[in-house]
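One structure is given here, and the rest of the page talks about it.
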Amino acid sequence: MTTRTESVDTPAGEARITWHTAPGARLVLAVSHGAGGGIEARDLQALAAALPARGITVALVEQPWRVAGKKVAAAPKVLDEGWRGLWPALTGPGLPVVAGGRSAGARVACRTAAELGAAGVLALAFPLHPPGRPEKSRAEELTGADRPALVVQGGRDPFGRPEEFPAPAGRHPYEIVEVAHGDHGFAVPKKAATTQEQALLTITEAVGEWLARLLE
């Protein structure tokens, strides 16, 4: 695996891609961060470390607001503009690209996947609703992605537990994997029956197997 960082100008400002390139890669998984953190998130780092050995290049995307040093995420429309603007760089290697992200980044991937021609969508900790507000559902963003999709959700995520998600349906019914005891950041309590390492392994194994099926 080789690692390099690339700056990309977008209509929303400068974005940054950290490439974790697999030798003989067959697919690019492009994942961005959420509204409350960056690409140092434990799940994004775990995927970048594990997937290149499976022939998957991982592109960790820092959105323009984060590169600019701002503490508050841009509006959804601006986030989408930035993602569209860096998509040509993501397709540069000439491989199929799966669009993904965690939390707000997952929403961006879902909203833009069809128009950009993504090979699939990876939604990590999809914020189905604001905490304590299940009536404010964002399920339509997920179900409207119109691409094969995998949702990886913590079992105690206040933004939506796995059992709160609507039944998969449509031309591309999504799959959902639960990370036992995980919160919105996939953190696992020390007293839980599973460890933090096991939680991250659940994520990397599920994503790796799902991507392998996409390539079949």
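With the charge dipole of the chain set up from +1 on Lys and Arg Cβ and -1 on Asp and Glu Cβ about the Cα centre, the Cα lying farthest toward the positive end among the listed residues GLY36, ALA113, PHE165 is that of GLY36.
A Cβ-based charge dipole, computed about the Cα centre of the range 1-42 with Lys and Arg at +1 and Asp and Glu at -1, lands at about 220 debye. For the range 112-126 versus the range 1-45, the spacing of their alpha-carbon centroids is 15 Å.
What is the sum of charges, Lys and Arg at +1 and Asp and Glu at -1, for the other residues whose Cβ falls under 15 Å from the Cβ of PRO166? Around PRO166, the charge tally is -3.
Annotation: peptides 102-113, 8-19, 204-215, ranked by per-residue average of other Cβ atoms within 10 Å with the highest first, follow the order 102-113, 8-19, 204-215.
The aspartates and glutamates whose alpha-carbon is closer than 16 Å to the alpha-carbon of LYS71, local same-chain residues fewer than 8 away aside, are GLU14, GLU40, GLU62.
Solvent-accessible area per residue in the chain equals 44 Å², computed with a 1.4 angstrom probe and all protein chains kept. Bridging of LYS136 to lysines at a Cα separation below 20 Å is possible for LYS77, once same-chain residues fewer than 8 apart are set aside.
Starting from the Cα of GLU14, step 7 Å toward the Cβ, then list every residue of the range 56-72 with an amide N under 20 Å from that point. Only 60-72 pass the distance filter. Per atom type, the range 166-216 shows carbon and sulfur on 56% of its accessible surface, probed at 1.4 Å.
Taking only the alpha carbons of the chain, we obtain Rg and Dmax values of 15.9, 46 Å in that order. Of the solvent-accessible surface of the range 55-142, computed with a 1.4 Å probe over protein heavy atoms with every protein chain present, carbon and sulfur atoms account for 54 percent.
As a length-normalised measure over Cα pairs under 8 Å and 6 or more apart, the relative contact order of the range 1-65 settles at 42 percent.
Based on DSSP H segments of at least four residues, each scored -39500 (n - 2.57), the chain has a per-residue ellipticity at 222 nm of -9000 deg cm²/dmol. Listed by chain and number, the aspartates and glutamates whose C-alpha is less than 20 Å from the C-alpha of LYS190, apart from same-chain residues fewer than 8 away, are ASP43, ASP157, GLU178. The order of the peptides 23-30, 188-195 by mean Cβ neighbours within 10 Å, most packed first, is 23-30, 188-195.
The values are calculated or read from the model by the stated rules, or taken from the named source; none is laboratory data. Keep in mind it's a predicted model, so treat the numbers as computed, not measured. Reconstructed Cβ throughout: ideal geometry from the backbone, glycine too, with neighbour counts over all protein chains shown. Ligands, DNA and RNA are excluded from the accessible area calculation, which covers all protein heavy atoms including side chains. Shrake-Rupley method; radii C 1.70, N 1.55, O 1.52, S 1.80 Å.
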